[in-house]
Amino acid sequence: MGFDNLHSSHSWLGLTTIILFGLQLIIGFLVFFIPRFPNYIRARGLPWHAFMGLLVYLSALASAESGIVELVALLQGRNLMGNFGPEGKVANCLGLSLLVLGALVVLSAVLPSHSSTSVGPKQTDNALST
Ligand code: HEM
Ligand code: HEM
């Protein structure tokens, strides 16, 4: 589109997201998938894994939100989009929907589960800590 790489705060956020995602994936795989990894390290690392997982998710949301802003600014700068046109409303609704989605996902991750069945996420009992 005719501009330098990594000039915007969106591109920095996006790159950070990709790097954090990659690290989370590799470290998660090493610690939780490889059978010979000691259980006490898994147990101690799990809260950090959960925290970093949520951070990666929030970082992706921030990237997507700033990406929307970036695109709107780009289109407006080239007079391809008005200030109060339908495209702007779509962009704003998309931004708000992402916020609502983020809130629901984080809520479902941090709320304790009240399920009495064995299906679904567990509450505090963790097989790794025993
Ligand atoms: C998790 C979501 C996203 C990630 C990780 C991401 C990542 C990136 C990265 C790393 C760049 C820099 C490319 C470069 O400098 O060569 C970029 C550029 C760009 N992205 Fe995204 N992006 C995301 C979502 C979005 C969304 C939702 C939009 C628009 C609807 C968008 C629009 C753009 C635009 C217009 C550019 C070029 C301008 C710039 O470099 O800032 N992105 N993105
Ligand atoms: C980018 C990739 C990843 C992200 C974003 C991520 C994120 C998360 C999050 C947010 C949690 C907490 C879930 C909760 O609160 O119930 C979690 C738990 C967990 N993750 Fe990951 N994770 C990733 C990769 C991996 C990988 C590759 C493995 C191993 C193969 C792994 C194994 C686990 C395990 C065993 C748990 C505990 C599940 C439980 O408590 O029931 N993760 N992960």
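Nothing in this text is a laboratory measurement; each read-out follows from the coordinates by a stated rule. Nothing here was measured: the structure is a model prediction, and the numbers come from that model. Here Cβ is always computed from backbone atoms with ideal geometry, including for glycine, and neighbour counts include all displayed protein chains.
Condition check for Ala109 on (1) of a type in the set (A, V, I, L, M, F, W, C); (2) away from ligand 1 (no atom under 16 Å from the Cβ); (3) surrounded by fewer than 11 Cβ atoms within 10 Å (Cβ to Cβ); (4) not in a loop (DSSP other than H, G, I, E, B): one failure, at (3). Among the conditions (1) closer than 30 Å to Gly2 by Cβ; (2) loosely packed, with under 15 Cβ neighbours inside 10 Å; (3) not basic (Lys, Arg), the only one that Leu23 does not satisfy is (1).
The combined condition, being touching a residue at least 12 places away in the same chain (Cβ under 8 Å) and of a type outside the set (D, E, K, R), is not fulfilled by Val90.
Of all residues in region 77-93, those satisfying the criterion of being of a type outside the set (Gly, Ala, Ser), loosely packed, with under 14 Cβ neighbours inside 10 Å and assigned to a helix (DSSP H, G or I) are Pro86, Lys89, Val90, Asn92, Cys93.
Remark: pairs (first residue in region 1-21, in contact (Cβ under 8 Å) with a residue 24 or more places away in the chain; second residue assigned to a helix (DSSP H, G or I) and near ligand 1 (Cβ under 6 Å from one of its atoms); Cβ separation under 6 Å; 6+ apart in sequence or on different chains) = Ser8/Glu70; His10/Gly67; His10/Glu70; Leu13/Ser63; Gly14/Ser63; Thr17/Ala60; Thr17/Ser63. Per the listing Leu61, Leu15, Leu74, the residue uniquely in contact with a helix residue (DSSP H, G or I) (Cβ under 7 Å, 6 or more places away or on another chain), surrounded by 12 or more Cβ atoms within 10 Å (Cβ to Cβ), in a helix (DSSP H, G or I) and not basic (Lys, Arg) is Leu61. Taking the criterion of being closer than 13 Å to Val56 by Cα and away from ligand 1 (no atom under 11 Å from the Cβ), the residues of region 11-26 that qualify are Gly22, Leu23, Gln24, Leu25. If the condition is being more than 7 Å from ligand 2 (Cβ to nearest atom) and in contact with a Ser or Thr (Cβ under 8 Å, 6 or more places away or on another chain), then region 45-59 contributes only Ser59. For region 31-50, taking the residues that are surrounded by 13 or more Cβ atoms within 10 Å (Cβ to Cβ) and under 14 Å from Ala109 (Cβ atoms), the one that is nearest to ligand 1 (Cβ to nearest atom) is identified as His49.
One residue alone among Gly67, Gly53 is outside any loop (DSSP other than H, G, I, E, B), closer than 22 Å to Val100 by Cβ, of a type outside the set (Asp, Glu) and more than 9 Å from ligand 1 (Cβ to nearest atom), and that residue is Gly53. For region 1-10, the condition holds for at least one residue, the condition being that it is within 7 Å of ligand 1 (Cβ to nearest atom), exposed (fewer than 14 other Cβ atoms within 10 Å of the Cβ) and of a type in the set (Phe, Trp, Tyr).
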